[in-house]
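All remarks here apply to the structure that follows.
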Amino acid sequence: MDIVCLDMEGVLVPEIWIAFSKASGIPELSRTTRDEPDYNKLMNWRLGILKEHGLGLDEIQKTIATIDPLPGAREFLDKLRDKTQVIIISDTFTQFAKPLMVKLGMPTLFCNTLEVAPDGEITGFKMRIPDSKLSTVKALQAIGFHTIASGDSYNDLGMIRASKAGFLFKSTDKIKADNPDLPAFEEFDDLYEAIVAALD
Ligand SMILES: [Mg+2]
């Protein structure tokens, strides 16, 4: 049985922190793993900035609610979920992704969780498992699924390469050039066709 594993940010929705940085008017928050490769360090730094600006989960979710999925993402997902099972695997946090998942028709999302105090302050975060995309794909395979994966970034390459079919989507020129054997698409229709062709 097939299951499609999709990255979220950069594929279905814009990069949340970059979009949130613009929506909230806090430019420092556009810093990403390209600037600070240590994810824990980066997240703790981001939480510090949010606290400094007095932003709790409510305010953040309200701002994230103003961000829209990428054009065509909802239609693509609806069509794909009509055809097969789909899981979105992301390094983001359930509470941040929620407003965007509502706009995408509440697809299944495997990601991480924020620790939130009763007054709404974000006090920490919990990562579900190390190397979550590859670990999840391997676990799905261990219970009898054939995975088909797609993503845009370095942290997607593991699940893409471990799957029976894998595709880069809206990726960078550098990643495409470094992985010339991986089919790369820019349009949802092309990705949909490739996934459907790979189904059992
Ligand atoms: Mg991504």
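The values are calculated or read from the model by the stated rules, or taken from the named source; none is laboratory data. Remember, predicted model here, so these are calculated numbers, not experimental data. Cβ placement follows ideal geometry from the backbone for every residue including glycine, while neighbour counts extend to all protein chains displayed. SASA here: full protein model, heavy atoms, side chains in, ligands and nucleic acids out. Shrake-Rupley method; radii C 1.70, N 1.55, O 1.52, S 1.80 Å.
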Mean accessible surface per residue for the chain, computed with a 1.4 Å probe while every protein chain stays in place, in Å²: 48 Å²
Rounded percent of accessible protein surface that carbon and sulfur make up, region 17-64, 1.4 Å probe: 49 percent
Restraint check, K22/K170; K83/K126; K62/K83; K51/K176, Cα-Cα greater than 27 Å: K83/K126; K62/K83; K51/K176
Angle between the chain longest axis and helix 94-103 axis [Cα atoms, degrees, rounded to 10]: 60 degrees
Dipole magnitude of region 1-122 about its Cα centre (Cβ charges: Lys, Arg +1; Asp, Glu -1), debye to nearest 20: 280 debye
Overall form of the chain per C-alpha gyration tensor (a/c, 1.5; a/b vs b/c): prolate
Contact order normalised by residue count of region 114-200, Cα under 8 Å, 6+ apart, percent: 18 percent
Relative contact order computed over region 17-64 (Cα-Cα under 8 Å; 6+ residues apart), in percent: 34 percent
Extension gain, S135 back to Y154 (0.36 nm per residue minus Cα-Cα distance, nm): 5.3 nm
Where a label projected 7 Å from the Cα of K164 along Cα→Cβ would reach, residues of region 87-123 with amide N under 16 Å: 87
Accessible surface, 1.4 Å probe, highest first, among residues K83, K176: K83, K176
For region 145-200: rounded, prolate or oblate by the Cα gyration tensor [a/c cutoff 1.5]: oblate
Gain upon complete extension [D35, D178; 0.36 nm per residue less C-alpha separation]: 49.4 nm
Dipole magnitude of region 17-64 about its Cα centre (Cβ charges: Lys, Arg +1; Asp, Glu -1), debye to nearest 20: 100 debye
Shape category assigned to region 17-101 from the gyration tensor of Cα positions, a/c cut at 1.5: prolate
Relative contact order (%) - criterion: Cα under 8 Å, at least six apart; region: the chain: 23 percent
